[in-house]
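Please read the structure below before turning to the comments.
The values are calculated or read from the model by the stated rules, or taken from the named source; none is laboratory data. Predicted, not measured: the structure shown is a model, and the values here were computed from it. So basically every Cβ, Gly included, is an ideal-geometry build from the backbone, and we count neighbours across all protein chains shown.
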Amino acid sequence: MKDDKIVYGSIDEYISGFSPEVQDILQTLRHVIQETAPEAKEKISYQMPTFDFHGNLVHFAAFKKHIGFYPAPSGIQAFQDELKEYHKSKGTLQFPIDQPLPYDLIRRIVQYRVQQNLEKAESKAKKKR
């Protein structure tokens, strides 16, 4: 059986596979995350653009009708009142692709996740001592 699954080597490679309009959305989202978490490293995980900072910070992906944003369940729980208008599940947010993304809210979610991962890393470091 032949496996035709696309394997991405970088976020640039992932983004380049979409229409120019979707590329613009994804590049803006990427830039917002980079500005908010400048120490985070880019990688591909689960075949999605991912930012890593003491563990996975957030993932994002493009689909036909939405942009998926994956800030872990805690990132959704902490902002659930502000996310009422968006489709969501345990660890997933879906932003309609034909509407502007809520970049200010995304910044705050990323900041929250940075703080969570820092606290988790500090806690692990203390346990090792």
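Structural remarks
- Looking only at the stretch 45-64, and only at residues there that are of a type outside the set (Lys, Arg) and in a loop (DSSP other than H, G, I, E, B), the one that is nearest to ILE25 (Cα to Cα): PHE63
- Verdict on GLY75 being part of a strand (DSSP E or B) and within 19 Å of VAL110 (Cβ to Cβ): no
- Those residues of the stretch 42-61 which are under 12 Å from ILE11 (Cα atoms), at pLDDT 95 or above and touching a Phe, Trp or Tyr at 6+ places or on another chain (Cβ under 7 Å), in sequence order: GLU42, ILE44, MET48, PRO49, HIS59, PHE60
- If you go through the stretch 33-51 and keep only what is crowded, with 17+ Cβ neighbours inside 10 Å and either over 15 Å from GLN94 (Cβ atoms) or touching an Asp or Glu at 6+ places or on another chain (Cβ under 7 Å) (or both), you end up with ILE33, THR36, ALA37, ALA40, PRO49, THR50, PHE51.
- ILE67 vs. criteria under 22 Å from TYR14 (Cβ atoms) and surrounded by 13 or more Cβ atoms within 10 Å (Cβ to Cβ): yes
- Residue in the stretch 104-124 that is free of Cβ contacts under 8 Å to residues at least 24 places away in the same chain, of a type in the set (A, V, I, L, M) and either touching a helix residue (DSSP H, G or I) at 6+ places or on another chain (Cβ under 8 Å) or not in a strand (DSSP E or B) (or both) present: no
- PRO96 being surrounded by 13 or more Cβ atoms within 10 Å (Cβ to Cβ), at pLDDT 95 or above, out of contact with any Cys (no Cβ under 6 Å at 6 or more places or on another chain) and over 16 Å from ILE33 (Cα atoms): yes
- Subset of the stretch 4-19 [hydrophobic (A, V, I, L, M, F, W, C), more than 14 Å from TYR46 (Cβ to Cβ) and not in a loop (DSSP other than H, G, I, E, B)]: ILE15
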